[in-house]
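In what follows, a single structure is set out as structure tokens and then discussed.
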Amino acid sequence: MPVQAALERARAAQAIGRLEQARRILGTALANAPDDPRVLVALADIAYDLDQFDDTVRFAGQALQADPDSARAHQLVAMAYPMREEWDLALEHGHTAARLRPHDAGTLLLLAWLYSNGPRKDPDRARAAVVDAVALAPGDAFVHCSAAETYQRLVDIDGVRRHITAGLTIDPLHVDLLRMQARAEFEIGGFDGGRKAAIATLRGLLANAPTDTAARRLLAEMHWRALLRLAAWVWAFAGCFAAVAMWAPPIVLRVISPMMFAALPLAWYGVFRKVRKQLPPGYLRARVRRPRVLLALAAVALSGLIVDMGAIATRSEFAGLVRLGCVLLVLGAFGAAFGHLLLFTAWMRRGLDDPDPDDGLDFALTQIVVLGMGVVPLVVVVAFVRGWARQPAVFGALVAVLGVVLVTLLIEAGITVWVDRRAFRHTWGLAVVALGVLVLLAGAGLAVRWGGGERRRRSARAGIGGGADADDNASPATHDPEPIAADADQAATE
């Protein structure tokens, strides 16, 4: 078969997704013309589509030996080298391709991709390459899509919004742009409307492209993250009430606890009502009616009831009931953690949605970062001033609840790393990530253990009078929970 005919047949097969057939056709052509750079470049292109990056570099390298000025071969090498963490070589070939094709928008976008990724990002050069590419092809929706992706990596929300809008003006049915718009609406706040608008965008996208895997994954992510919020509400209830119970007198807790008691079922109702209305008909029912999900929802509901009972006990004036309330708050947090883990593994389970573990890892890490930057510093501040609290023993329950949440999220991060372990090219990379997760997990576990121990120690010392039995009938009205001066006198006596 002539080389040109083989190239045309392979190109047609590649266009409809028959990559192996295209590779067989090109393999036959290569046997007859082993040094033809066109065949080698075509083979490198197919290898890249198959995520076989070593073969991409090998075939493109052979093509460059036959034709050093093959711009497409330089492009393919520049695209494949980053997958092997060889960014300097990728930039070198990217610049060569740009020199050979100075007026090609695709080559400039490749440079923008290289400058917005890797260990040494250069945002200014990435933006300059995007501006030049858009100037060369202002009416190309693909160019605007690639520009939006670059600005997304540079965390430039205005740039993302501008190019998504421009691209959809040119092609309102562009699948990649619609998917990016849905992601922006859902996650980064680039558009108005939030989750409701994102789901509406995805429903319209899937009506035109029902087999789009990325869109289906994003819709599933929205669904599962909504269900995971049910467990998060229980955690928030337990932690907030423990923080308030440290300082507020019983009369204030009697006002706050009914409000929080009502807030939990109302939050659940809001989640289910909104998600059911927004998702396609039958979508929520098909995923909830699974044994694992039903068990998770039952566990979270029971945990919410336990936390409510703990709140009622914690607002008591009797030290024994306060201790019981602290125990119930922590037990409720553990039950919510069990439900959260079940829902998370239901999300990551292969089935209707074929999830991407990266989505789960991003979710878990985002929650860990939010807790680490927002909640943990507040708890540390409370730790230093807890000596002035009305019920300092409750601080142990607060720390234990926070530790339970962190342990759960770290376990989930570890699950996603294990599920996606093949994505790590080197075993040592997986080992480093696993070690980091284990270290953080150990720290969170120590927080749970320390919180329980602190609660018992404080209960043994605070307003206890004549021991545990007498303590159960003691009232803060007659026994101050932990007066600072009394602590000092007790320590001196001991």
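The values are calculated or read from the model by the stated rules, or taken from the named source; none is laboratory data. Bear in mind that the values here come from a model prediction, so they are computed numbers and not experimental data. Positions of Cβ are backbone-derived with ideal geometry, glycine not excepted, and every protein chain shown enters the neighbour counts. With ligands, DNA and RNA removed, areas are computed over all heavy atoms of the protein, side chains included. Shrake-Rupley method; radii C 1.70, N 1.55, O 1.52, S 1.80 Å.
Test of understanding: among VAL330, VAL244, VAL252, VAL322, which residue is without any contact (Cβ under 8 Å) to a residue 12 or more places away in the chain and either in contact with a Cys (Cβ under 6 Å, 6 or more places away or on another chain) or farther than 30 Å from ALA198 by Cβ (or both)?
Working: VAL330 fails: without any contact (Cβ under 8 Å) to a residue 12 or more places away in the chain; VAL244 fails: without any contact (Cβ under 8 Å) to a residue 12 or more places away in the chain; VAL322 fails: without any contact (Cβ under 8 Å) to a residue 12 or more places away in the chain.
Unique residue meeting the criteria: VAL252.
Quick one: would you say VAL234 is closer than 30 Å to GLY396 by Cβ and open to solvent by 30 Å² or more (accessible area, probe 1.4 Å)? Working first, answer last.
Working: closer than 30 Å to GLY396 by Cβ: yes; open to solvent by 30 Å² or more (accessible area, probe 1.4 Å): no.
No.
Go over the candidates PRO102, PRO82, PRO34 one by one and state the one that is outside any helix (DSSP H, G or I), without any contact (Cβ under 8 Å) to a residue 60 or more places away in the chain and either open to solvent by less than 50 Å² (accessible area, probe 1.4 Å) or under 20 Å from VAL143 (Cβ atoms) (or both). Working first, answer last.
On the way: PRO82 fails: outside any helix (DSSP H, G or I); PRO34 fails: either open to solvent by less than 50 Å² (accessible area, probe 1.4 Å) or under 20 Å from VAL143 (Cβ atoms) (or both).
Sole residue among the options that is outside any helix (DSSP H, G or I), without any contact (Cβ under 8 Å) to a residue 60 or more places away in the chain and either open to solvent by less than 50 Å² (accessible area, probe 1.4 Å) or under 20 Å from VAL143 (Cβ atoms) (or both): PRO102.
Table: residues versus (1) modelled with pLDDT of 80 or more; (2) closer than 18 Å to ALA232 by Cβ; (3) open to solvent by 80 Å² or more (accessible area, probe 1.4 Å); (4) charged (D, E, K, R).
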site	(1), (2), (3), (4)
LEU264	no, yes, no, no
TYR283	yes, no, no, no
ALA299	yes, yes, no, no
GLY304	yes, yes, no, no
ALA319	no, no, no, no
LEU324	yes, no, yes, no
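Among the candidates ALA73, ALA63, ALA44, single out the residue that is assigned to a helix (DSSP H, G or I), under 21 Å from ARG11 (Cβ atoms), more than 36 Å from the chain's Cα centre (by Cα) and touching a residue at least 24 places away in the same chain (Cβ under 8 Å). Explain how you work it out, then say what you get.
Working: ALA73 fails: more than 36 Å from the chain's Cα centre (by Cα); ALA44 fails: more than 36 Å from the chain's Cα centre (by Cα).
So the residue among ALA73, ALA63, ALA44 that is assigned to a helix (DSSP H, G or I), under 21 Å from ARG11 (Cβ atoms), more than 36 Å from the chain's Cα centre (by Cα) and touching a residue at least 24 places away in the same chain (Cβ under 8 Å) is ALA63.
Please verify whether ARG290 is crowded, with 16+ Cβ neighbours inside 10 Å, in contact with a helix residue (DSSP H, G or I) (Cβ under 7 Å, 6 or more places away or on another chain) and of a type in the set (D, E, K, R), treating the condition exactly as stated. Spell out how you get there, then give the answer.
Numbers: crowded, with 16+ Cβ neighbours inside 10 Å: no; in contact with a helix residue (DSSP H, G or I) (Cβ under 7 Å, 6 or more places away or on another chain): yes; of a type in the set (D, E, K, R): yes.
No, not satisfied.
Filter the range 379-397 down to residues that are open to solvent by 40 Å² or more (accessible area, probe 1.4 Å) and touching a helix residue (DSSP H, G or I) at 6+ places or on another chain (Cβ under 8 Å) and give me whichever is nearest to TRP224 (Cα to Cα).
First pass over the range 379-397, keeping only residues open to solvent by 40 Å² or more (accessible area, probe 1.4 Å): 380-381, 384-386, 388, 390.
Pick out the ones that are also touching a helix residue (DSSP H, G or I) at 6+ places or on another chain (Cβ under 8 Å) and you get 386, 388, 390.
Working: ARG386: 37, TRP388: 42, ARG390: 40 Å.
Of everything passing the filter in the range 379-397, ARG386 is nearest to TRP224 (Cα to Cα).
Of the residues ALA207, ALA226, ALA236, ALA232, only one is in a helix (DSSP H, G or I), without any contact (Cβ under 8 Å) to a residue 24 or more places away in the chain and within 17 Å of GLN367 (Cβ to Cβ); which? Give the derivation first.
Numbers: ALA207 fails: within 17 Å of GLN367 (Cβ to Cβ); ALA226 fails: without any contact (Cβ under 8 Å) to a residue 24 or more places away in the chain; ALA232 fails: without any contact (Cβ under 8 Å) to a residue 24 or more places away in the chain.
One residue alone meets the criteria, ALA236.
Got at least one residue in the range 268-275 being in contact with a His (Cβ under 9 Å, 6 or more places away or on another chain) and open to solvent by less than 90 Å² (accessible area, probe 1.4 Å)? Reasoning before the result, please.
Looking only at the range 268-275, we keep the residues that are in contact with a His (Cβ under 9 Å, 6 or more places away or on another chain), and these are 275.
From the residues that got through so far, the ones that are open to solvent by less than 90 Å² (accessible area, probe 1.4 Å) too are 275.
Looking through the range 268-275, at least one residue is in contact with a His (Cβ under 9 Å, 6 or more places away or on another chain) and open to solvent by less than 90 Å² (accessible area, probe 1.4 Å).
Run down ALA147, ALA135, ALA197 and say which single residue is surrounded by fewer than 19 Cβ atoms within 10 Å (Cβ to Cβ), within 29 Å of HIS103 (Cα to Cα) and of a type in the set (A, V, I, L, M, F, W, C).
Details: ALA147 fails: surrounded by fewer than 19 Cβ atoms within 10 Å (Cβ to Cβ); ALA197 fails: within 29 Å of HIS103 (Cα to Cα).
When all the criteria are applied, what remains is ALA135.
In the range 155-200, which residues are more than 21 Å from TYR115 (Cα to Cα), at pLDDT 85 or above and in a loop (DSSP other than H, G, I, E, B)?
ASP171, PRO172, LEU173, HIS174, listed by residue number.
Determine if the range 109-127 includes at least one residue that is over 15 Å from GLN181 (Cβ atoms), of a type in the set (Phe, Trp, Tyr) and at pLDDT 90 or above.
Yes: the range 109-127 contains one or more residues that are over 15 Å from GLN181 (Cβ atoms), of a type in the set (Phe, Trp, Tyr) and at pLDDT 90 or above.
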